[in-house]
Amino acid sequence: MNRKRLGLLTGTHSVNDLYQGLIPALLPFMVLERGYSYTAVSGLILAATGLSSVVQPLFGLYADKHPRNWLIPAGFMLAALGVALAGVAESYLWTWLAIAISGLGIAAYHPPATTAARLAGGASQKAMSLFSVGGMLGAAAAPLVATAVIGGSSLSATPWLALPAAVMAVVWWGATRHADAAEAALAHARRRASSLATNDWRAFLRLSAVIVGWSIPYVTVLSMAALYTSRDLHGSSAQGALVLTCFTAASAIGTLGGGLLADRVGRIATIRLGYTLALPALAGLVLANAPLPAMLCAALLGTAMFLPFASQVTLAQDYLPRNPATAAGITLGLALSVGGMLSPLLGMLSDSHGLRTTLSLVLGVLTLATALAFQLGNRRIEETALA
């Protein structure tokens, strides 16, 4: 494990995903200051997430054919530029375009950065989990940063939000301008070893289906846990927020724990354990009759669902050893976004039949994903080829 390189990449991931989190954090300020409707807000969310998810595999294809380290700082700088411009844009159209630019930057960052993190981490799954948690911490800090910068003034202060990206760009330049020759040789050897391997598209598509089955329950619980607690379980708004906090905080714990566990027992065992534990946790949330058991089930669910996270990313790259950036773009972008794309339909189901019915439905989806997870097989690029 190249700890210095991994630490640098984890820092860039925190900065990049800070801007991913700042977009939804800025929307309430836009509603108050500009009077945007919920339809207008939905359009901005689509610009930020939908477009980013669709083009992320394209950036992966480019990164595989033309490996360029400059894509990493260019990605988070473009994300920062879009956020900065969104607050000073004079019309909804220009705001939409600015947020779309930020989404493109986020999409450009992830495939090459994830591939670089895998290279820096070597065979360690803990390395990928640390890189992933870096992004989670950045996104979690976004509401606090937005409130600190915008809360005391107006949206015209958004250019100040570009400061973290500017600082990280300087750090990146200082750390990489004299690239270690041994690191460059290792990257070349890795690509040469990958060229000797073959892509297993059937296994990759199976894994993508598993991730789709993971994303639907995840997005559903993320968006409905607080409402479910306050409405169906007759809890307070504070208890609803606490259930959501338990779920999101446990996800970081699960990601770190999953990386450590995968290094000990293997990726496939960790993936299967995560899905197996997630089923009773989600079932417990569906059957909960009070806020307290809902909190406990949400914490267990967040931990269990993220145990496989790092293993799924590295496994996807090993299924497509010739296209690791493309694999990251599809699994972290397109497949994970399916849950968000289906959220309006699930919202309509909740309006007509209740939140408990929706959660029961996604429990069925998670059951199917678990069954598919047990069909996954391990794969690793031959280390002898690297030698």
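Results, tabulated for the structure shown:
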read-out: Yes/no for residue 256 being in a helix (DSSP H, G or I), closer than 30 Å to residue 63 by Cα, hydrophobic (A, V, I, L, M, F, W, C) and open to solvent by 30 Å² or more (accessible area, probe 1.4 Å); value: yes
read-out: Unique residue being more than 30 Å from residue 378 (Cβ to Cβ), at pLDDT 90 or above, assigned to a helix (DSSP H, G or I) and among the small types (Gly, Ala, Ser) when the list is 226, 304, 298; value: 298
read-out: Checking residue 261 against (1) within 24 Å of residue 57 (Cβ to Cβ); (2) part of a helix (DSSP H, G or I); (3) touching a residue at least 12 places away in the same chain (Cβ under 8 Å), the condition it does not meet; value: (1)
read-out: Unique residue being at positive phi and either modelled with pLDDT under 90 or assigned to a helix (DSSP H, G or I) (or both) when the list is 178, 234, 188; value: 234
read-out: Per-region count, region 101-128, residues within 14 Å of residue 44 (Cβ to Cβ) and open to solvent by 10 Å² or more (accessible area, probe 1.4 Å); value: 1
read-out: Single residue of 7, 82, 87, 35 found to be closer than 15 Å to residue 138 by Cα and at pLDDT 80 or above; value: 7
read-out: Filter result for the condition that a residue is modelled with pLDDT of 90 or more and in a helix (DSSP H, G or I), over 97, 137, 119; value: 97
read-out: Condition met for residue 335 (aliphatic (A, V, I, L, M), modelled with pLDDT of 90 or more and surrounded by 23 or more Cβ atoms within 10 Å (Cβ to Cβ)); value: no
read-out: Residue 241, sole failed condition from (1) of a type in the set (A, V, I, L, M); (2) open to solvent by 40 Å² or more (accessible area, probe 1.4 Å); (3) modelled with pLDDT of 80 or more; value: (3)
read-out: Pair list, Cβ under 7 Å, 6 or more apart: region 206-226 residue open to solvent by 30 Å² or more (accessible area, probe 1.4 Å), other residue part of a helix (DSSP H, G or I) and at pLDDT 90 or above; value: 206/372; 209/372; 218/305
read-out: Filtered residues of region 143-167 (kept if surrounded by 22 or more Cβ atoms within 10 Å (Cβ to Cβ) and under 28 Å from residue 4 (Cα atoms)); value: 161, 165
read-out: Per-region count, region 9-42, residues crowded, with 16+ Cβ neighbours inside 10 Å and under 25 Å from residue 149 (Cβ atoms); value: 22
read-out: Neighbours by Cβ (under 9 Å, 6+ apart or cross-chain): first from region 350-373, under 20 Å from residue 207 (Cβ atoms) and in contact (Cβ under 8 Å) with a residue 60 or more places away in the chain; second open to solvent by 60 Å² or more (accessible area, probe 1.4 Å) and assigned to a helix (DSSP H, G or I); value: 370/272; 370/276; 372/206; 373/272; 373/276
read-out: Residue in region 269-288 that is within 16 Å of the chain's Cα centre (by Cα), under 19 Å from residue 215 (Cα atoms), touching a residue at least 24 places away in the same chain (Cβ under 8 Å) and assigned to a helix (DSSP H, G or I) present; value: no
read-out: For residue 71: the one exception among (1) farther than 21 Å from residue 176 by Cα; (2) open to solvent by less than 70 Å² (accessible area, probe 1.4 Å); value: (1)
read-out: Filter pass, residue 208 being of a type in the set (Ser, Thr, Tyr) and over 21 Å from the mean Cα position of the chain (by Cα); value: no
read-out: Among the residues listed as 79, 108, 74, 63, the single one being closer than 26 Å to residue 147 by Cβ and part of a helix (DSSP H, G or I); value: 79
read-out: Residue in region 74-100 that is nearest to residue 48 (Cα to Cα), counting only those that are open to solvent by less than 40 Å² (accessible area, probe 1.4 Å) and among the β-branched types (Val, Ile, Thr); value: 99
read-out: Subset of region 314-325 (residues that are open to solvent by 10 Å² or more (accessible area, probe 1.4 Å) and either aromatic (Phe, Trp, Tyr) or in a helix (DSSP H, G or I) (or both)); value: 324
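The values are calculated or read from the model by the stated rules, or taken from the named source; none is laboratory data. Bear in mind that the values here come from a model prediction, so they are computed numbers and not experimental data. Glycine gets a Cβ as well: all are built from the backbone with ideal geometry, and neighbour counts include every protein chain shown. Accessible surface areas use protein heavy atoms only, side chains included; no ligands, DNA or RNA. Shrake-Rupley method; radii C 1.70, N 1.55, O 1.52, S 1.80 Å.
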